[in-house]
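Student: One structure, pasted below without further comment.
Just so it is clear, none of the values below were taken in a lab; they were calculated from the coordinates. Since this is a predicted model, take the numbers as computed values, not measurements. Reconstructed Cβ throughout: ideal geometry from the backbone, glycine too, with neighbour counts over all protein chains shown.
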Amino acid sequence: MDTDKIGLLIRDLIFIVMMTVLLELLLPAGEMRRYVRMVMGILIIVAVLQVFVGFMRWAEAQPAPSATLEPRTGPGIPDYRDYQAEYLKRAGAAYQQGVARQVTALASLAGLEVSGVEVLLEEKAGEYPRLCEIKLHLSAAVPVATENDVQVGSAAEWIADFYNLPRDRVTVARP
């Protein structure tokens, strides 16, 4: 919106106000003065709305500023992709450690002695790592076909359900 339009608006408003005062002076007191004020008020509103609508059309016609997604590079400006890759690596390691601690706690609740937990993640480019497989390493040997074997199977099923994994993705390794 340029200054010419603002100047025209001010000129029109001054003209309308002067016409209102002149008509009120010329008209006799009575009902007619109220109608003159109403009509002149409507003219003022129309003048302001014309400028406002013109501004809205002008704003729509202006091109939107373009944003570039390419990083600026140069001396002293680090590339954000390096930071992103490092962050994803650290997030994956922290996630593996957290899941390993949770699985150890869940296994101990089931009565298993766990010496270690391997958490395997599926990594896709540009995404956070996703849980793929869990391997439990028991610290004590569990004889086959005993009550403890059923306990190991139910604990593995419980962990698979907890992490919404298929049962074959949770394995138990015996020493």
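Student: Spin-label point model (7 Å from Cα, Cβ direction): what's the Leu165 to Lys135 distance in nm?
Tutor: The two pseudo-label positions are separated by 1.1 nm.
Student: Considering every pair of different Cα atoms, what Kirkwood radius, in Å, is found for the stretch 3-61? Mind dumping the intermediate values first?
Tutor: Details: mean 1/r = 0.0787 Å⁻¹.
Kirkwood radius, the stretch 3-61: 12.7 Å.
Student: A follow-up question, please. Using the Cβ atoms and a cut-off under 13 Å, what net charge is assigned to the surroundings of Leu138, where Lys and Arg are +1 and Asp and Glu are -1? Write out the running numbers ahead of the final one.
Tutor: Numbers: positive: Lys135, Arg174; negative: Glu113, Glu118, Asp149.
Net charge in that neighbourhood comes out at -1.
Student: Next up: Please report the orientation-averaged projected area of the stretch 87-173, defined via the convex hull of its C-alpha atoms, in nm². Walk me through the intermediate numbers first.
Tutor: Working: hull surface 22.0 nm².
Value for the stretch 87-173: 5.5 nm².
Student: Below 20 Å, Cα to Cα, which aspartates and glutamates can Lys124 reach? Residues fewer than 8 away in the same chain don't count.
Tutor: Asp82, Glu86, Glu133
Student: Now a separate question. Given the -39500 (n - 2.57) contribution per DSSP H run of 4+ residues, what per-residue ellipticity at 222 nm results for the chain, rounded to the nearest 500 deg cm²/dmol?
Tutor: Details: 4 runs with 101 residues, N = 175.
Rounded to the nearest 500, it is -20500 deg cm²/dmol.
Student: Can you return the aspartates and glutamates within cross-link range of Lys89? Criterion is Cα-Cα under 15 Å, with same-chain partners fewer than 8 residues away left out.
Tutor: Qualifying aspartates and glutamates at Cα under 15 Å: Glu122, Glu123, Glu127.
Student: Still on this structure: Considering the values [x] 17.4, 57; [y] 38.6, 115; [z] 13.9, 39, which represents Rg and Dmax of the Cα atoms in Å as calculated for the structure under consideration?
Tutor: Matching the structure shown: [y].
Student: Further question: Using DSSP, restrict attention to beta bridges with both residues in the chain and report what percent are antiparallel, rounded to the nearest 5. Mind dumping the intermediate values first?
Tutor: Working: 9 of 13 bridges.
Given both bridge residues lie in the chain, the antiparallel proportion sits at roughly 70 percent.
Student: Let me ask something else about it. Ordered by packing density, taken as the mean number of other Cβ atoms within 10 Å over each peptide's residues, highest first, how do 19-32, 158-171 rank? Please report the intermediate quantities before stating the final value.
Tutor: Working: 19-32: 11.1, 158-171: 13.8.
Output ranking for 19-32, 158-171: 158-171, 19-32.
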